[in-house]
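Report on the following structure.
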Amino acid sequence: MKQQLIAGNWKMNGSLAANEALVHGIAQGLQAALSGKQAHVAVCAPAAYLSQVQQLTHSSGIDLGAQDLSAHEQGAYTGEISAAMLKDFAVRYAIVGHSERRHYHAESDELVATKAQRALSAGITPIVCVGETLAEREAGKTEEVVKRQLAAVIHANGHCISEIVVAYEPVWAIGTGKTATPQQAQAVHAVLRAQLQAATPHADRVQILYGGSMNATNAAQLLSQPDIDGGLIGGAALKPADFLTIIAAAAR
Ligand code: PEP
């Protein structure tokens, strides 16, 4: 059975002291949460703290993730962080195309696809976020939007596509407390799975995560859907007890 992935997206939260308490809290409860079963666990920390969190997570069973990376390889791009730099800190995952970056930084589907490509060529697994806004859902455009977003990444990454992680994150569910129902989420995950199946014979091994107000209460139901292979967790990833409950729900 495919292992589930529970990845915390800390967004622009944290401090040296808060990160230490958070990672220690997760690490201390991890074995009990897994209770002899398995799940992949990662925390996507702000770039400024990658070195600290690399040390805190060392040998803990928690992988390190970044929240973004540059579409460029190196050079005169002030403020940008390259895939190779992330690799220096043993970063295993990098979120690309989070809706907050698409919205606040006007990231296009093509830019997101290039970022995924940069990550893959550095040996980092991109967590490619796709999702519709409330207006798009209400206009009946959910499928069209998520397929367009994923198609750009498939087009740019060809046969490497089975190496990505996809996160379906309906924009209207992020940080709002409004979660997609398990049926709504599963329906979109099935669409994404079919799109991957048309692109690679290895689509079944691609982890498709759900993100959007997943919490300790709703995680088990969402994670029991056939095409939901884990979660990308925002708010609840900042509370060790809640994050551990979600990990326990994902352990197989
Ligand atoms: C996210 O930002 O990726 C996210 C899913 O946030 P939240 O869980 O807070 O909705």
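Values for this structure:
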| quantity | calculated |
| --- | --- |
| Principal semi-axes in Å for the stretch 44-103 [√(5λ), Cα gyration tensor, largest first] | 21, 14, 9 |
| Share of carbon and sulfur in the accessible heavy-atom surface of the stretch 136-233 [1.4 Å probe, %] | 52 percent |
| Built amide H within the under 5 Å cut-off of Ala167, gap 5+ | Val128, Cys129, Val130, Leu209 |
| Amide proton proximity set for Gly230, modelled H, under 5 Å, gap of 5+ | Leu5, Tyr210 |
| Distance violations [Cα-Cα > 28 Å] among Lys37/Lys178; Lys147/Lys178; Lys87/Lys141 | Lys37/Lys178; Lys87/Lys141 |
| Backbone HN-Hα couplings from phi across the stretch 231-241 [Karplus 6.51/-1.76/1.60, Hz, Gly and Pro as x] | x, 10, 10, x, x, 6, 7, 8, 10, x, 5 |
| Under-5 Å amide H pairs with Thr125, H placed in peptide plane, nonlocal only | Tyr93, Ala94 |
| Average accessible surface area per residue within the stretch 167-252, 1.4 Å rolling probe, Å² | 37 Å² |
| Karplus-derived HN-Hα couplings along the stretch 15-25 (A = 6.51, B = -1.76, C = 1.60, θ = phi - 60°), whole Hz, x at Gly and Pro | 7, 4, 5, 5, 5, 4, 5, 5, 5, 4, x |
| Cα pair distances in the chain, grouped into 5 Å bins until the bin that holds the longest one, percent each | 1, 7, 15, 19, 21, 18, 12, 6, 1, 0 |
| Cα shape, the stretch 1-147, gyration tensor, a/c 1.5 rule | oblate |
| Karplus (6.51, -1.76, 1.60) ³J(HN,Hα), θ = phi - 60°, over the stretch 48-64, in Hz, Gly and Pro reported as x | 4, 10, 4, 5, 4, 6, 4, 5, 5, 8, 3, 6, 9, x, 10, 8, 9 |
| Shape metrics for the stretch 71-185, restricted to C-alpha atoms - Rg then Dmax, Å | 14.8, 46 |
| Top of Ala237, Ala76, Ala139 by mean-square fluctuation, Gaussian network on the chain, Cα under 10 Å | Ala76 |
| Fraction of accessible area attributable to carbon and sulfur, the stretch 1-123 (%, probe 1.4 Å) | 51 percent |
| Rg and Dmax of the stretch 112-252, Cα atoms only, in Å | 14.6, 40 |
| Space enclosed by the convex hull of the alpha-carbon atoms of the stretch 168-244, per residue, Å³ | 84 Å³ |
| Theoretical gain in end-to-end length, Arg148 to Ala241 [0.36 nm per residue, Cα-Cα removed] | 29.8 nm |
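The values are calculated or read from the model by the stated rules, or taken from the named source; none is laboratory data. On a predicted model such as this, the values are computed, not experimentally measured, just so you know. SASA here: full protein model, heavy atoms, side chains in, ligands and nucleic acids out. Shrake-Rupley method; radii C 1.70, N 1.55, O 1.52, S 1.80 Å.
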